[in-house]
Amino acid sequence: MSVKSFGSQLVTQVCPIAPPGAQVHVDQVQGYVMWGVIIMMGLAALVGIGAVVGGRMFAMAHASKVGVISVVVVMISAIALLIIPGMLQAILGDGCV
């Protein structure tokens, strides 16, 4: 807990801290989730490319369109995966309230 002076009042800040030893497990779970997301994005991109190729081979225009849309959505999701954590860090700061 830290104390800041705001005018003539003292304002205390509460900074949440994880229990001792918990950060290791949080990092491990976060790593598993991130790798799972990356693997799912890769599989979705492969399925989208397969839909494009299959749609062209079997003259199925709708399958090709869905495949292209799928690949575009995966790319937008990959960009969002890189941008959103930085945005949340900028908004939330150090987490002290």
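The values are calculated or read from the model by the stated rules, or taken from the named source; none is laboratory data. The shown structure was predicted, so the numbers you read here are calculated from the model rather than taken from an experiment. When we count neighbours, we look across all protein chains shown, and the Cβ atoms used for this are built from the backbone with ideal geometry, even at glycine. What goes into the accessible areas is simple: the full protein's heavy atoms, side chains included, and nothing from ligands, DNA or RNA. Shrake-Rupley method; radii C 1.70, N 1.55, O 1.52, S 1.80 Å.
Residue pairs whose Cβ atoms lie under 6 Å apart, separated by 6 or more positions or on different chains, with the first residue in segment 37-55 and touching a residue at least 24 places away in the same chain (Cβ under 8 Å) and the second among the polar types (S, T, N, Q), are 48/70.
For (1) within 21 Å of residue 77 (Cβ to Cβ); (2) in a helix (DSSP H, G or I); (3) open to solvent by 90 Å² or more (accessible area, probe 1.4 Å); (4) at pLDDT below 90, each residue gets a yes or a no:
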{"position": "10", "(1), (2), (3), (4)": "no, no, yes, yes"}
{"position": "16", "(1), (2), (3), (4)": "no, no, yes, yes"}
{"position": "19", "(1), (2), (3), (4)": "no, no, no, yes"}
{"position": "24", "(1), (2), (3), (4)": "no, yes, yes, no"}
{"position": "34", "(1), (2), (3), (4)": "yes, yes, no, no"}
{"position": "41", "(1), (2), (3), (4)": "yes, yes, no, no"}
{"position": "48", "(1), (2), (3), (4)": "yes, yes, no, no"}
{"position": "51", "(1), (2), (3), (4)": "yes, yes, no, no"}
{"position": "54", "(1), (2), (3), (4)": "no, yes, no, no"}
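Put simply, of 5, 64, 70 the only residue that is modelled with pLDDT under 95 and either open to solvent by less than 70 Å² (accessible area, probe 1.4 Å) or assigned to a strand (DSSP E or B) (or both) is 5. Summed over segment 75-92, residues that are over 17 Å from residue 33 (Cα atoms) and open to solvent by less than 70 Å² (accessible area, probe 1.4 Å) total 1. Identify, from the list 92, 46, the residue that is under 28 Å from residue 15 (Cα atoms) and not small (Gly, Ala, Ser). Going through 92, 46 in turn, just one is under 28 Å from residue 15 (Cα atoms) and not small (Gly, Ala, Ser): 92.
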